[in-house]
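Trainee: Have a look at this one.
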Amino acid sequence: MAGRGTGALAGSLSSKGRARRQHILVMALQVFIDQGYANFSLRNVARQARISVGNLHYYFPNKEALLAEVFDSVREDYAEQFAALLADAGESPRERFVAVIGYLIRDLESNRTSTFFPELWALANHEPAAAELMDRLYAWEHERIAELVQALAPELDGDRLETLVLFISASIEGLTMFLGSGKPHARLVEPTVALALASYLEQVERARQAAVLAG
């Protein structure tokens, strides 16, 4: 990312300026969720944040820079949540896996998640810059899942590990359209969490055994 909306500017801001910048990011995400990318403009974000467009330009020079920082803020929110979950789960690899993966499925119930990601998928289909941001976000998530899987099965690496991570990630994302906020099957979140975790843990163990046998 480049321009005045980068971390370089954020580091030079006063506490009031940092607070305003963070407020803009929160409001920008809300616009993206509530109105979709088609209505994601600096003018609409400025209106939501109750500041002038000129003031918004001081923090973010264009829509692309703002959107990139919004995506980074979403990733940072997940990073903080993961850290808290892992701290609560203790040192057991199984409990850590269950805590984070269970959270990712339950998180589909939130309006933010069940709206943000489908909107992102649609945008990435025709906006190369958005596709790059999406790939970066999912690459980060896949790294976190891979860490959890390898803690359970240190023997896994290469294609075996990557395939398992993709399977877990894709199956969670596929549940969005059924378990998301306001979706008809939302009542089945907890049974789905239990079934998914049992399935994932079984697949990890099978992959681990195959890796051991392969030497």
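The values are calculated or read from the model by the stated rules, or taken from the named source; none is laboratory data. Worth saying up front: this structure is predicted, and the values here are computed from it rather than measured. Cβ placement follows ideal geometry from the backbone for every residue including glycine, while neighbour counts extend to all protein chains displayed. Just so you know, the surface numbers come from the protein's heavy atoms only, side chains and all, with ligands and any DNA or RNA stripped out. Shrake-Rupley method; radii C 1.70, N 1.55, O 1.52, S 1.80 Å.
Trainee: Any idea which of Ala99, Val149, Asn39 is furthest toward the positive side of the dipole for the chain, if Lys and Arg beta-carbons carry +1 and Asp and Glu beta-carbons -1?
Mentor: Highest projection toward the positive end goes to Asn39.
Trainee: Is any helix in the chain, taking whole DSSP H runs, at least 15 angstrom long along its axis by alpha carbon and on average at least -1.0 on the Kyte-Doolittle scale, and which ones?
Mentor: Numbers: long enough: 15-35 (29 Å, -0.12); 63-89 (39 Å, 0.12); 93-106 (19 Å, 0.39); 111-124 (20 Å, 0.04); 128-152 (36 Å, -0.02); 158-174 (24 Å, 0.65); 189-214 (37 Å, 0.53).
Within the chain the helices that satisfy the rule are 15-35, 63-89, 93-106, 111-124, 128-152, 158-174, 189-214.
Trainee: How big is the dipole moment of the chain about its Cα centre under a simple scheme where the beta carbon of each Lys and Arg is +1, that of each Asp and Glu is -1, and everything else is neutral? Debye, nearest 20, please.
Mentor: Magnitude of the dipole: close to 1080 debye.
Trainee: Specify the inter-centroid distance of segment 62-100 and segment 146-183, based on alpha-carbon positions, in whole Å.
Mentor: Each part's Cα centre sits 15 Å from the other's.
Trainee: Here is a follow-up. For segment 103-215, divide the Cα radius of gyration by the Kirkwood radius and give the resulting Rg/Rh value with two decimals.
Mentor: A ratio of 1.02.
Trainee: Next question, about the same structure. When only alpha-carbon atoms are used, what values of Rg and Dmax, in angstrom, describe the chain?
Mentor: Rg, Dmax (Cα atoms, Å): 19.4, 64.
Trainee: Under a 1.4 Å probe, what is the accessible area of the chain per residue, stated in Å²?
Mentor: Here the per-residue accessible area is 52 Å².
Trainee: Give the carbon-plus-sulfur fraction of the accessible surface of the chain in %, rounded to a whole number; probe 1.4 Å, heavy atoms of protein chains only. Walk me through the intermediate numbers first.
Mentor: Values: 5880 of 11140 Å².
That share works out to 53 percent.
Trainee: For segment 147-215, give the magnitude of the charge dipole about the Cα centre (Cβ charges: +1 Lys/Arg, -1 Asp/Glu; no others), in debye to the nearest 20.
Mentor: The calculation lands at about 320 debye.
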